[in-house]
Structures are given as structure tokens and as C-alpha cells.
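The structure under discussion appears below in the form of C-alpha cells.
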Amino acid sequence: MNNQAHSLAGLDLLASAVLVLDADGCISYANPAAENLLESSLKVMQHQRLTEMFLNGDKLQDIFSQAVAHQFDDKRQDLVLERAGRDPLQVHVIVTALDDPQAPVLIELRENVQQLKLDREERLIDQSQANKELIRNLAHEIKNPLGGIRGAAQLLELELPERHLNPLREYTQVIIKEADRLQTLVDRLLAPHRRPHIVGDVNIHEVFERVRSLIMAEFPNGLTIRRDYDLSVPEFRGDKEQLIQAVLNIAHNAAQALAKRIEAGDAMLTFQTRVARQVTLVKVRYRLALDLHIMDNGPGIPPEIQNRIFYPLVSGRDGGSGLGLTLAQTFIQQHMGVIECESRPGCTDFRILIPLP
């Protein structure tokens, strides 16, 4: 066992999960990446049958039996391994037959990142469609009684004796102002569905420069906006105003999240433009796509809302409406694109992908 441990020590450095099985299919070795992937330690997994760790372990059993019988040198297969009480693992499995009778099979598990990405995008699109229907219906249901409430408050105010001096006017004004605030919110919810999609030639750098000027006008001190542009990015057909609004919503959120760094004078926003090749967006393959990044060095998005930031009325900031990213996602989806986000303290990266013809 010590000789085996010594011979396998190099596998500890691999980023992919590696397991060595004995002749009975029990785990005799697992590298740290396998411990992380399977959420268990080697001490717990050792001498446990790998197939028993999954609800559909029979899929692995067949491959293991073929490897022991030396029916192949190595075999590759994509599998979804189901686990009780945990998310299923979508992995690319590489099974290698070894010449060691005590440890005849080595299995490498690589998370299927592309499949996970496709599933995440599909869920995002489905959720976005459901959100849009919910928003439209809810906004229309709110809009009609809201007008009645505001009108009743105005009529009530007119009936007040000496209304400009009457202390009760304060209450009618509260009703009117709150009705107006809700009306503005409803209008913002309905805005993407009312405005026609106006298509023309778009230079994405003009979009970013317009956003940059707006952000710098609001945050003139303590914030640096770094431009990392690929000037070879071609023009494309799109709605320039929608794209400006989408990028502005993301950049403005980032600038507000940088409040403490702006005070310290070291806040940084980065605008990056690239062209990505052979990109798959929602199960459609595109030869070329715009690859845009809006990055900041702020505190990061709270982990508890990272998976919900594109949902309406979800905000990580006190006083935020929670509509900026929802509208941005809607506008980008109208260009057949998607917005992705990765965030950790010190670096939040919003990535916009839009297919090019």
C-alpha cells in the first residue's frame, strides 16, 4: 500500500478527480480533487464501492467490469451520476485499465462544464420568460387600481377646508406621492415590452464610451474606468439604445457597489471587448460572438443572492429597485445573447455574449 501511495502521489496535483479501484470495485485511492468533487474524504470513501455512491451506479459497474476484463485500454463517456440528497454530477468519465491486479482500474471524473453552462443558460431563459409574463400581468393588475387610488386622494384633498393650510393635506400628499412612485415602478417594469426593437448598425465601442461618460459624470472622483478594447471588433446589427441601457445598468450597479473604494480613491471599473469563436448560446452554435466584460474590484455580490440577481426586485443594495439587471438581461436576450456573472470579493465580472452574423 505504501508503494502504491508513493506511485500515485503525483495524482494529488491534478485538477481533475482521480480514483483508483481494487478488483472488487472499492476505492483504494482518491486524490484531493476527487474528495472535493464527491464531497467526502478518502478516509470515508476508502474500501467503499464506487457504484454504491450513486443511485444509478450500474452505469459505472458495466464500464468497471469491462476494464477488469481488459476489453479496452481506456474508455470515455459522458454520464449524469445521481446522488441522494445532492445535485447530480454531470461528468466526463475516463476509465483506464491498469496492469496492477490489486488496483486494476483508474477512473478520472471531469465535470462537464459545457453541459452545466447550457443547463444554466436554459434555466435562465425559462426563468426570464416566466418573470416577463409575471411582471406584465402583475403590472397591469396594479396599474388600474393605482390610478383610482391617486384620483380619490386628489378629490379628497379638494374637499379639505383651507386645504393649503390643512394638516390633513400631508396625508393626501403621501398617498399621491406613493401612488406616483409605484406608477413609475410599474412603468419601468413594462418599459421593455412597450418600446419597439429599433435595429441599426452598432459600434459596441460607441456604446461603451457613452456609458463611460455617463458614469464619470456621476462619479467624477475616486473611480477609474479602464478601457481594454479590441478595435477589430466589427459593427453588427442591433438596438443601440437598448444596448446602452443594458451596459449602463450593469456599470451603474458596479459603481454603486464600489462606494467604499471610491472614498478610498482606488475604485476600478474595466470595460473589455473581444470576439469569441465557436460559442454555444442556449444550444445554438455560433461561429463568432461579441464577448464583453464589465469588471469591478468591489466587495462582490452576496453569495445568498448570486443565483437570483437577474430576478426582478432582487437587490444587494439598500434602496435598490432590483430592476436594473432584470432589464439588462431582457435587452440582451432580445439580441439573442446572454449575461453571465462570476463574483468574489475583489472581483465581479459580468460577461455579455451576443452572436455575430
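Conditions (1) surrounded by 16 or more Cβ atoms within 10 Å (Cβ to Cβ); (2) at negative phi, marked per residue:
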position	(1), (2)
Thr224	no, yes
Leu231	no, yes
Lys240	yes, yes
Gln245	yes, yes
Asp266	no, yes
Thr273	yes, yes
Gln278	no, no
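Set side by side, the residues Asp99, Asp22 differ, and just one is of a type in the set (D, E, K, R) and in contact with a strand residue (DSSP E or B) (Cβ under 6 Å, 6 or more places away or on another chain), which is Asp22. Taking Leu146, is it at pLDDT 80 or above and more than 24 Å from Thr326 (Cβ to Cβ)? The answer is no for Leu146. Residues of the stretch 51-75 being loosely packed, with under 11 Cβ neighbours inside 10 Å and either within 13 Å of Leu98 (Cα to Cα) or under 32 Å from the mean Cα position of the chain (by Cα) (or both), which ones? The answer is Ala69, Asp73. Residues that are more than 13 Å from Arg83 (Cα to Cα) and assigned to a loop (DSSP other than H, G, I, E, B) within the stretch 36-55 comprise Ser41, Gln46, His47, Gln48, listed in sequence order.
The single residue among Arg274, Arg237, Arg227, Arg261 that is over 21 Å from His335 (Cβ atoms) and not in a helix (DSSP H, G or I) turns out to be Arg227. Inclusion of Ala289 among residues that are part of a helix (DSSP H, G or I) and at negative phi is not warranted. Close Cβ contacts (under 6 Å, 6 or more residues apart or on different chains) running from residues in the stretch 260-277 that are of a type in the set (Gly, Ala, Ser) to residues that are surrounded by fewer than 17 Cβ atoms within 10 Å (Cβ to Cβ) comprise Gly265/Gly222; Ala267/Gly222.
Looking across the stretch 76-113, the residues that are among the β-branched types (Val, Ile, Thr) and either surrounded by 18 or more Cβ atoms within 10 Å (Cβ to Cβ) or at pLDDT 85 or above (or both) come down to Val80, Val91, Val93, Ile94, Val95, Thr96, Val105, Ile107. For beta carbons closer than 8 Å, sequence separation of 6+ or different chains, a first residue in the stretch 233-247 that is in contact (Cβ under 8 Å) with a residue 24 or more places away in the chain and a second that is acidic (Asp, Glu), the qualifying pairs are Glu235/Asp201; Phe236/Asp201; Arg237/Asp201; Lys240/Glu206.
Scanning the stretch 1-50 for residues that are at pLDDT below 80 and touching a Phe, Trp or Tyr at 6+ places or on another chain (Cβ under 9 Å) yields a total of 3. Restricting attention to the stretch 56-110 and to residues that are outside any strand (DSSP E or B) and aliphatic (A, V, I, L, M), the residue that is nearest to Ala17 (Cα to Cα) turns out to be Leu60.
The values are calculated or read from the model by the stated rules, or taken from the named source; none is laboratory data. Since we're looking at a predicted model, the values are computed, not measured. As a convention, Cβ positions derive from the backbone with ideal geometry for all residues, glycine included, and neighbour counts pool all protein chains shown.
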